[in-house]
Amino acid sequence: MNKLYIGNVSEEASAEDLETIFEQWKIPHSGPFLIKTGYAFVDCPDEKIAMMAIDILSGKVELHGKLIEVEHSVPKRQRSCKLQIRNIPPHLQWEVLDGMLAQYGTVENCEQVNTDTDTAVVNVRYGAKDQARQAMEKLNGFLMENFALKVSYIPDETAAAAAPTLGGGKRGFVPRGPLRSGSPGLGARPKLQSDVPLRILVPTQFVGAIIGKEGATIRNVTKQTHSKIDIHRKENAGAAEKPITVHSTPEGCSNACRTIMEIMQKEALDTKFTEEIPLKILAHNNFVGRLIGKEGRNLKKIEVDTETKITISPLQDLTLYNPERTITVKGSIEACSRAEEEVMKKVRESYENDVAAMNGQGQPESETVHLFIPALAVGALIGKQGQHIKQLSRYAGASIKISADEVRVVDANQVAPPDGMDAKQRMVIIAGPPEAQFKAQGRIFGKLKEENFFGPKEEVKLEAHIKVPSFAAGRVIGKGGKTVNELQNLTSAEVVVPRDQTPDENDQVIVKITGHFYASQLAQRKIQEILSHVRRQQQPKPSPRGEGPPRGDGLARPSRK
């Protein structure tokens, strides 16, 4: 791929003109420029230099009043199924890229190209010519997080090799492997983007300075720290503070946090703002107990080691819609930065331990969860020709099906849409072990937010149903409702076992769980723990004399009236 095609060339242009441009931009070439009417060709010493020429010159350099276009020179017989996509945001997650590419057909191979550019480059091979052509037409110039994608054909050797033969199979491509995690732009970095973003609160009056004129400041921070930074300006209208979410590696999150603190400090000096500006980190309540540690030891150690003062907002501030605690860190920027690293290290450890616990010991049992989504969101979740839901199923390792009908009828025997939401719901049936449930449900919650099915001020809150044996429903409720109340307080999810349910043909009843993703997941885990305990109690205890199991199952079934 060393030969370049130069298009949109003026009739007045000469080979010497093109040679001057390449010399001016210090781009070597290994042969003469071959000028045709309106276009030209040239060879480069290697693929890396060819890529550099494309990135530097294409659409940016003018020759005799025309902006030249530079791309790989691909003979028509090889202009088949292979594309090169350039200028990909460096922090973009592989799952997002895979999902975007899958909209246009079957991606047989996708591999990253190592370049010196800040943005990422991938080579993609589609299963058919028309799929590659459609991807080329739709994606070339497509804006992704302020980066305009650049797409061009690259030589498809398999197409050239197959042309003279009849009945031959495809050759020379690497089968598509499993979905990757992390970001194309991070290249070979051993540490990929963390699943736990950093969330901080900043005073509203500093948001403008953090964004900068026409977004220049935040773009610079994003680029320098290899982060994706969301400033939630529209949340909590009139509030004194606004949340910021940073997606990156732990190191990238910390660098972005430090830079934001420095921007606020400079703005405070410029505006003669005299109050102290502490660092405020938001963390889900599920992780805060382990951050504090027994008798507060973990938190105290972080304070001593980083020379900071740390306080945590009270439990009373939590609501079903706000499951996060505010961790306020006071000290110098350097000290607060060190404290952020230690706090988030504990939070991420807690998250990873929770995920590991979901996997359990050995082969985890498969579970079935019914998740209710707005009917209008079904198309976005399925994707073109079903590609998105197929990809999600592969990524999560779960079976994912969507009910054919909208959920409308509400009675004791039929599932109902969540209270207060659109009555037209569709049921997503997810079957798989705990880790698969976590991945699949997490992606569904994220997709609904990404596609704006929930407003900027709304937390994505969905209703999930799990079925439990009718005789175990009492264990979920607990005496006088004690267990279910504790579940709700612990998880911040709403947990309901509807009364007067008629068990289904498998003698099972429904438990409804409503809440944001982490709340729902924690509630589901806790209920599954209760069911596991019930099942263990059901198992017959071996007789000391080997006389067989005792009579009865050890559990009294509730009488039905």
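The values are calculated or read from the model by the stated rules, or taken from the named source; none is laboratory data. Because the structure is predicted, anything quoted here is derived from the model rather than measured. Neighbour counts run over all protein chains shown; Cβ positions are idealised from the backbone, glycine included. Heavy atoms of the whole protein, side chains included, go into the accessibility calculation; ligands, DNA and RNA do not. Shrake-Rupley method; radii C 1.70, N 1.55, O 1.52, S 1.80 Å.
Which order do you get for Thr106, Thr222 if you rank them by accessible area with a 1.4 Å probe, largest at the top?
In descending accessible area the options line up as Thr106, Thr222.
Determine the gain in length on full extension of the stretch Glu486-His64; use 0.36 nm per residue of separation and subtract their C-alpha separation, reporting nm with one decimal.
144.4 nm
With r defined as the distance between the Cβ atoms of Lys272 and Lys390 and R0 fixed at 60 Å, what FRET efficiency is calculated, to the nearest 0.05?
Approximately 0.55, to the nearest 0.05.
Shape call for the range 218-258 from the C-alpha gyration tensor, a ≥ b ≥ c root eigenvalues: rounded (a/c under 1.5), prolate (a/b greater than b/c) or oblate?
Prolate, because a/c is 1.5 or more and a/b exceeds b/c.
Report the residues of the range 432-469 in range of a label on Thr204: point 7 Å along Cα→C-beta, backbone N strictly under 20 Å from it.
Answer for this model: 455-459.
Quick one: length gained pulling Leu315 to Ser366 fully straight, 0.36 nm per residue minus the C-alpha distance?
15.0 nm
So how do Glu251, Glu342 rank on accessible area, 1.4 Å probe, biggest first, that is with the largest at the start?
In descending accessible area the options line up as Glu251, Glu342.
Please compute, for the alpha-carbon atoms of the range 205-331, the extent along each of the three principal axes and give them in descending order in Å.
47, 34, 33
What does the accessible area per residue of the range 464-506 come to in Å², with a 1.4 Å probe and no ligands, DNA or RNA counted?
55
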